[in-house]
Structures are given as C-alpha cells and as structure tokens.
Amino acid sequence: MTITLKEVPSGTDLTIVQDWIPDIIPEDACILGWQQSLLLLELLVTPEILD
C-alpha cells in the first residue's frame with residue numbers, strides 16, 4: 001500500500017494505492033472500507049467550532 005500526502009491550496013490531497021488484494025476480498029468491500037475509514041478520520045481532524 002502506498003499513501004501519498006500532497007499540500008494543495010485547499011488543504012491536503014490524499015492518494016491511496018492498494019496493491020495485491022487477495023481474490024477472496026471483493027474490490028467493492030475494500031472501497032467501502034476506505035470510504036468509512038476516511039469519514040472517521042475526517043471526524044477526528046475537523047475542528048468543532050463553538051458558537
């Protein structure tokens with residue numbers, strides 16, 4: 001797996017390349033897993049703005 005972070009004007013660009021996924025694991029399951037993980041990461045790094 002290769003994870004690349006690149007600074008961009010709007011924040012950080014994240015690129016993930018996952019090689020060699022066993023045939024028994026459906027590709028859709030990997031995509032869904034990454035999407036869920038990144039949504040949880042967003043909750044951790046997004047500041048809470050109090051009124």
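Coordinate-derived values only; no laboratory data. Model, not experiment: these values are computed from the prediction. FYI the Cβ positions are ideal-geometry reconstructions off the backbone, even for glycines, and counts take in every protein chain you see.
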Exercise for the section: Determine which member of the set ILE3, ILE16, ILE24, ILE31 is touching a helix residue (DSSP H, G or I) at 6+ places or on another chain (Cβ under 8 Å) and of a type outside the set (Gly, Ala, Ser). Expected result: ILE16
Practice task
State whether the residues of the stretch 27-44 include one that is of a type outside the set (Phe, Trp, Tyr), surrounded by 10 or more Cβ atoms within 10 Å (Cβ to Cβ) and in a loop (DSSP other than H, G, I, E, B).
Solution key: no
Practice task
Write out, first by first residue and then by second, each pair whose Cβ atoms fall under 7 Å of each other, whose residues are 6+ apart or on separate chains, and whose first residue, in the stretch 26-42, is under 11 Å from ILE16 (Cβ atoms) while the second is small (Gly, Ala, Ser).
Solution key: none
